[in-house]
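Structure first, then comments.
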Amino acid sequence: MRASHPALAPALLRIADDRLILGHRTSEWCGHAPILEEDIALANIALDLIGQATLVLQHAGAVERAGRNEDALAFFRDATDFRNALLCELPRGDFGVTIVRHFFHGLYSVLQWDALARSTDQTLAGIAAKALKESRYHVRHAGEWVIRLGDGTEESHRRAQEAVDALWPYTGELFMQPADEADLVAAGTTADVSLLAGPWRAQVDDVLRRATLRAPSDPWMQRGGRDGRHTEHLGHLLAEMQIVARSHPGAQW
Amino acid sequence: MTTMPPVADDSARIAAFEARIAADESIEPKDWMPERYRAQLIRMMSQHAHSEVVGMLPEGNWITRAPSLRRKMILLAKVQDEGGHGLYIYCGTETLGVDRQDLVQQLLDGKAKYSSIFNYPTLSWADMGAIGWLVDGAAIVNQTMLAKASYGPYARAMVRICKEENFHKKQGYEIMATLARGTPAQKAMAQESLNRWWWPSLMMFGPHDKDSSNSDELMRWGIKRKSNDELRQRFINLTVAQVKAIDLTVPDPDLKYNEATGNWETGPIDWDEFWRVVKGNGPCNGERIDARRRAHAEGRWVRDAAVAFAEKQQRDNRETTERQQTWTRLGDGATA
């Protein structure tokens with residue numbers, strides 16, 4: 001096999017880690033959702049996201065050629081080696097935070113998978129085509145809820161708006177194109193995420209309007225996750241996620 | 001619960017009903033049935049649904065710590081299945097003229113029972129194996145029998161649920177087998193877990209036949225087809241062989257094989273523990289109900305919002321159509 005571009009494995013980790021960490025956060029809901037139907041829906045979304053992460057991590061491990069499989073990458077990397085956007089690692093919050101985050105990230109995912117489905121990397125294109133179908137369902141589920149919560153009761157409107165306000169500063173990072181991916185974008189391997197910002201914003205505005213919610217006007221955005229500089233929350237998440245695997249190094253499960 | 005004479009129902013109808021049961025006919029929601037039959041079914045089916053929902057908690061406790069991505073996905077899928085079973089059986093119970101919300105409220109008020117096995121804590125990863133293998137295994141033995149129950153909607157739910165439970169049992173046993181042939185620490189984890197779950201799983205079949213207050217009536221009406229002790233014995237015989245196959249030890253010094261009957265005979269079951277846990281004093285009774293109550297209370301604003309929004313929607317159908325078009329357009333032309 002021909003050596004891959006050195007930026008490909010890190011680029012794949014950015015894609016995979018978003019889904020792994022957001023999937024993990026979503027799985028925290030299992031058994032605690034507002035209604036049984038949402039327990040099932042959120043578990044299903046978590047399952048899809050972790051499934052997507054697994055496939056991309058497998059690919060990253062193969063591309064990297066350092067003998068790490070998907071589990072080594074998930075359970076034996078430290079927080080500073082994770083490349084997910086900060087948005088994905090924030091605590092699960094209330095149902096409003098969970099839903100608004102799924103809406104923001106799900107919409108980004110639909111746009112990103114749609115672009116990646118045309119990747120010149122056939123493996124990545126195949127994963128993206130499958131993931132795109134799942135993400136369309138996720139964003140539909142979350143979007144319906146954003147409208148219901150925003151345009152529901154006074155309390156749900158307040159909580160939904162608070163979630164939008166709290167999460168908004170973490171959305172900008174999704175569209176900051178990492179400098180080291182320039183060759184990959186030129187070769188059609190990965191997508192230039194900065195081009196997704198326009199369509200994303202248009203559709204977010206459309207749904208927020210229907211939900212009687214508004215996007216904050218402060219343009220300042222958090223960043224750092226794509227370079228391994230995370231919030232304090234990721235370390236705790238990983239401590240829990242990795243505890244069993246790391247307590248038994250080399251064990252099979 | 002005491003048995004009340006069916007005074008309100010006329011005796012000819014009861015005789016006809018019991019003749020249908022005797023002829024192995026399926027009773028359907030619109031058919032006439034004695035009120036007592038209906039009450040027993042509501043009790044059993046809602047307990048079953050509650051058990052599925054409360055049963056999500058002990059396993060949900062390990063989803064975030066599953067040691068591999070494959071195990072994490074299997075466990076998530078399994079717990080999701082339990083939620084689906086709960087929903088399915090609640091819907092089945094509604095065919096008897098009760099409302100799911102009322103049943104859930106009974107659970108939250110501590111008035112309804114659920115399987116006591118879920119009042120035990122999950123303390124190691126091996127417990128995910130033990131629960132799938134033993135708890136789902138015991139449930140399958142019970143539910144295979146219930147798949148022949150006289151009430152059609154319950155029997156059909158059991159057929160479908162048993163298929164998924166078989167997958168749950170298989171993954172649980174596979175976890176245990178993998179641990180048992182793993183590192184010494186993994187094998188010790190598996191044995192320790194088996195030690196804790198063995199006796200409670202035998203208790204899942206309920207008290208001995210002579211001490212089971214509901215059994216006679218349930219058997220007469222074809223809701224149950226086999227006694228608690230028969231089902232328990234079947235489970236023991238199946239499981240002892242499986243324990244031996246993965247080189248673990250049944251935590252019962254009195255266990256012995258009876259050549260004459262072909263049965264494995266266990267030492268005495270600690271029924272004091274069983275009744276203690278049933279009556280509310282198990283290790284996690286309080287925590288399980290608290291977790292359900294908290295989820296319900298914290299979700300109230302969400303449910304209220306859904307109701308309020310649905311009412312607004314009925315007033316304005318146009319908005320719905322417009323929104324549907326938004327979802328179908330999603331992602332189109334994004335990168336064009």
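Where a number appears in this text, it was derived from the coordinates with a stated rule and is not lab data. Quantities reported herein were computed from a predicted structural model and do not represent experimental measurements. Ideal geometry is used to build each Cβ from the backbone, glycine not excepted, and the neighbour counts take in all protein chains shown.
The table below lists the values:
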quantity	calculated
In nm, spacing of pseudo-spin labels at A:ILE243 and A:GLU37 (7 Å Cα→C-beta vector)	3.5
Whole-number percent relative contact order across chain A, with pairs defined as alpha carbons under 8 Å at least 6 apart	24
Semi-axis lengths, Å, region B:164-236, gyration tensor of Cα atoms, sqrt of 5 times eigenvalues	33, 14, 7
Spherically averaged projected area of the protein assembly as shown from its Cα convex hull (nm²)	30.5
Total charge dipole magnitude, region A:213-253, about the Cα centre, Cβ charges on Lys, Arg, Asp, Glu only, Debye to nearest 20	120
Value at 222 nm in deg cm²/dmol, rounded to 500, when DSSP H runs of n ≥ 4 in chain A each add -39,500 (n - 2.57)	-20500 deg cm²/dmol
Cα-Cα over 18 Å, subset of B:LYS187/B:LYS244; B:LYS111/B:LYS279; B:LYS30/B:LYS163; B:LYS148/B:LYS226; B:LYS78/B:LYS148	B:LYS30/B:LYS163; B:LYS78/B:LYS148
Angle in degrees between helix A:197-210 and the longest Cα principal axis of chain A, rounded to the nearest 10	30
Cβ-Cβ FRET estimate between A:GLU232 and A:ASP205, R0 fixed at 35 Å, reported to 0.05	0.65
Length added when fully stretched, B:ASN317-B:ALA241, from 0.36 nm per residue minus Cα-Cα	21.3 nm
For chain B, built as a Gaussian network whose Cα springs stay under 10 Å, the top-fluctuating residue of B:ASN285, B:ASN214, B:ASN317	B:ASN317
Sequence of A:SER247, B:SER124, B:SER11 once ranked by neighbouring C-beta atoms within 10 Å, starting from the fewest	B:SER11, A:SER247, B:SER124
Nitroxide proxy distance, nm - points 7 Å out along Cα→Cβ at A:SER194 and B:ASP270	6.7
Total charge dipole magnitude, the protein assembly as shown, about the Cα centre, Cβ charges on Lys, Arg, Asp, Glu only, Debye to nearest 20	600
FRET E, pair A:ARG158, B:GLU259, Förster distance 60 Å, beta-carbon r, rounded to 0.05	0.25
Virtual spin-label span in nm between A:ALA62 and A:TRP220, 7 Å along Cα→Cβ	4.5
Most positive-pole-ward Cα, A:ALA74, A:HIS141, A:PRO91, against dipole of region A:1-158 from beta carbon charges	A:ALA74
Rounded tilt (10° steps) of A:8-27 against the dominant C-alpha axis of chain A	40
Cross-link partners of A:LYS133 among aspartates and glutamates (Cα-Cα below 15 Å; sequence separation of 8 or more within a chain)	A:ASP48, A:ASP114, B:ASP332
Student exercise, region B:63-193 dipole from Lys, Arg, Asp, Glu Cβ charges, in Debye to nearest 20	480
Region A:1-117: radius of gyration and largest Cα-Cα distance (Dmax), Å	15.0, 51
Alpha-carbon Rg/Rh ratio, for region B:132-171, with Rh computed the Kirkwood way	1.00
B:ALA310/A:ASP183 FRET efficiency (R0 51 Å; Cβ-Cβ; nearest 0.05)	0.50
Calculated [θ] (222 nm, deg cm²/dmol) that DSSP helices of n ≥ 4 give over chain B, each run adding -39,500 (n - 2.57)	-20500 deg cm²/dmol
Contour excess over end-to-end distance, with Cα ends at B:ASN281 and B:ALA188 and 0.36 nm allotted per residue	30.6 nm
Chain A - Rg over Rh from alpha carbon coordinates, Kirkwood radius	0.96
Test item: A:43-50 mean partner chain Cβ contacts at 10 Å	5
